Amino acid sequence: NMASGQQWVLVEMVQAFYEAPAYHLILEGILILWIIRLLFSKTYKLHESYKLTEKEKEDLIEEWQPEPLVPAISREHPSLNYVVVTGPPSHKILINGKECLNFASFNFLGLLDNKRVKQKALASLMKYGVGTCGPRGFYGTFDVHLELESRLAKFMKTEEAIIYSYGFATIASAIPAYSKRGDIIFVDEAACFSIQKGLQASRSFIKYFKHNDMEDLERLLKEQEVEDQKNPRKARVTRKFIVVEGLYINTADICPLPELVSLKYKYKVRIFLEESMSFGVLGEHGRGVTEHFGVNIDDIDLISANMENAVASIGGFCCGRSFVIDHQRLSGQGYCFSASLPPMLAAAAIEALNIMEENPDIFTVLREKCKHVYMDLQGTPGLKLVGVPFAPALHLQLERSSGYRNSDLQLLHSIVDYVSHICCRYIRVVITIEQTEEDIQKVVSCIKEAASALLK
C-alpha cells in the first residue's frame, strides 16, 4: 500500500509538470539555476595587490589632512578675547588699563581686598609656603585645614564639615559620593552647572521637576511611590535624593525650603542643598537659607557651598552629620585626588569667618542694598528683573523675546557693549557692601540709558 501511494504521488507530479504553462517552467528553471550559482560561486573577487613605491607613499602622507578635533572658531569669539584685570577686583577695578565700577565679581561682603584677611594670608604664606603638593590623604592635611573645618562646622551649627580645594568640585564630588547607578535624584530644572556635572558623574536616574514647582515635584514623588509599591524589593535598596540650590545662580530665585522639608519626610527622601549664592548672604548671621526660613539644619542631609563668593577665598565645603561627612573623606573624588587647599587660602577663609561673626550687621547692609538696586532697576525699558529682591546677583531679561536664542543673545550683548562704553564692562548686576549710593545710581542710569537706546 505504501509503495503504491508513493507511485501515485510521482505520477501526479509528472502529470502536473506536463500540464504547467511553458513560462512557469522557464521561470522555475531560471530560479533553480540562480540558486545553484549562488551556492557555488564566491562572494568576492580577489584583486591583484598593488604595492606602492616609497615616493607614492610619501606623496599620499603629505597630501593627507586629518579632520579637525573641534569646529573652526572665529578669532572674534568672546572667549578668545580676554578682559584683563590688573589689581584687586574690588568695587573699583582696572580692566584693560581702564578704571571701572565693578558690578560683576561675587565679592558680596567686600572681603577680597580686606586688610585683615590679606595680613592673615600673608603670614600663612610665609609660614607654609604657596601650595600643598598633595591630597588630604597623602601629606596634604595641614593644621589650618582642620581648624577651618572646625570653624565652618561651628559657624553652620552642624556636627562636622569637610573642605575642598575647588569650589566647582564640591557639589560635583558630593553627589556621586552618595548617589550611585540605580539610585534616583529629583532635581530642579534650573540647577547650576556644577550640580549637573555631579548628576552626570553619579550615573543615577535623574528626574527633573519644574523650577520651584512643588506640585510638579510631588507628582514625580507620587509616581515613584507607585513604582516602588510594584517592586518593593528594589525600592528597599534604591536611594532617593532631592537636589536644589538655596539661591539659584541662574534665576536669582530662592528655593521653598519648608515645603521641601515636608516632602522629604512625607516621601522618605534625602535633601542636598547647594548654598554657594546664599552662604554669607541670607539669614541673620549669614548661615544661608536654613537660617532665613528658620528651618532646623538637621532636617537637611547635606549642605554644600563654595568659599569663592562671600568668603572671598577659594575652594568649597560640605557640612552635616559626622557619619555623612566622613563618607566623603573616602568617596569624594575632588577631596581624595586633588591637592589640598593652599594654607594661605584656608587662613584667609578663617579670618573672613571671624569678620562675619564679629559684624553680623554686614548681612543686613548687603540685603538692604540688594533691595535698593532691585527697586531702582524696576521699569527699565525692554528689560524685566527676575528673582527675589534680596538676591545679590540680579538677573535682567528681555521683556519680549524674538523667539530665537541667538538673536536674543546678540541683543543682550549689544546692551553690554553700549554700557561698557559709558562706565563699566558688564551688564550682570552683582551687589556688594562696598558699593556706594553714587556707584549704584550711576550703573542704574547706564543700564536704563542703554536699554532705552537699543530696545525701542
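Residues that are of a type in the set (Gly, Ala, Ser) and crowded, with 24+ Cβ neighbours inside 10 Å were ranked within region 311-346; the one that is nearest to residue 175 (Cα to Cα) is 332.
Of the residues making up region 287-298, not a single one is among the aromatic types (Phe, Trp, Tyr), open to solvent by less than 30 Å² (accessible area, probe 1.4 Å) and touching a residue at least 24 places away in the same chain (Cβ under 8 Å). Being modelled with pLDDT of 95 or more and of a type in the set (Val, Ile, Thr) is the filter here; which residues of region 236-253 pass it? Passing the criteria: 242, 243, 244. Here region 184-200 is the region considered, the condition is being of a type in the set (D, E, K, R) and over 12 Å from residue 242 (Cβ atoms), and the residue that is least open to solvent (accessible area, probe 1.4 Å) is 197. Listed by position, the strands (runs of 3 or more DSSP E) contained in region 289-396 that have at least 2 residues being in the same structural domain as residue 239 (by the TED database) are 302-306, 316-320. Among the residues of region 144-160, some residue qualifies, meaning at least one is part of a helix (DSSP H, G or I), buried (at least 18 other Cβ atoms within 10 Å of the Cβ) and among the small types (Gly, Ala, Ser). If I go through region 201-218 residue by residue, how many of them are acidic (Asp, Glu) and buried (at least 20 other Cβ atoms within 10 Å of the Cβ)? Residues flagged as acidic (Asp, Glu) and buried (at least 20 other Cβ atoms within 10 Å of the Cβ) within region 201-218 amount to 0. Checked against (1) farther than 12 Å from residue 162 by Cβ; (2) touching a residue at least 40 places away in the same chain (Cβ under 8 Å), residue 315 passes all but a single condition, namely (1). Are any of the residues in region 62-73 within 29 Å of residue 279 (Cβ to Cβ), assigned to a loop (DSSP other than H, G, I, E, B) and either open to solvent by less than 40 Å² (accessible area, probe 1.4 Å) or acidic (Asp, Glu) (or both)? Checked region 62-73: no residue is within 29 Å of residue 279 (Cβ to Cβ), assigned to a loop (DSSP other than H, G, I, E, B) and either open to solvent by less than 40 Å² (accessible area, probe 1.4 Å) or acidic (Asp, Glu) (or both).
Being closer than 28 Å to residue 113 by Cα, open to solvent by 60 Å² or more (accessible area, probe 1.4 Å) and among the β-branched types (Val, Ile, Thr) is true of residue 365. Each residue in region 161-173 was checked for being under 21 Å from residue 291 (Cβ atoms) and either without any contact (Cβ under 8 Å) to a residue 24 or more places away in the chain or open to solvent by 20 Å² or more (accessible area, probe 1.4 Å) (or both), and 0 of them qualify.
The values are calculated or read from the model by the stated rules, or taken from the named source; none is laboratory data. Worth saying up front: this structure is predicted, and the values here are computed from it rather than measured. Neighbour counts are summed over all protein chains in view; Cβ atoms, including those assigned to glycine, are modelled from backbone coordinates with ideal geometry. Heads up: the accessible areas ignore ligands, DNA and RNA and are worked out on the full protein's heavy atoms, side chains in. Shrake-Rupley method; radii C 1.70, N 1.55, O 1.52, S 1.80 Å.
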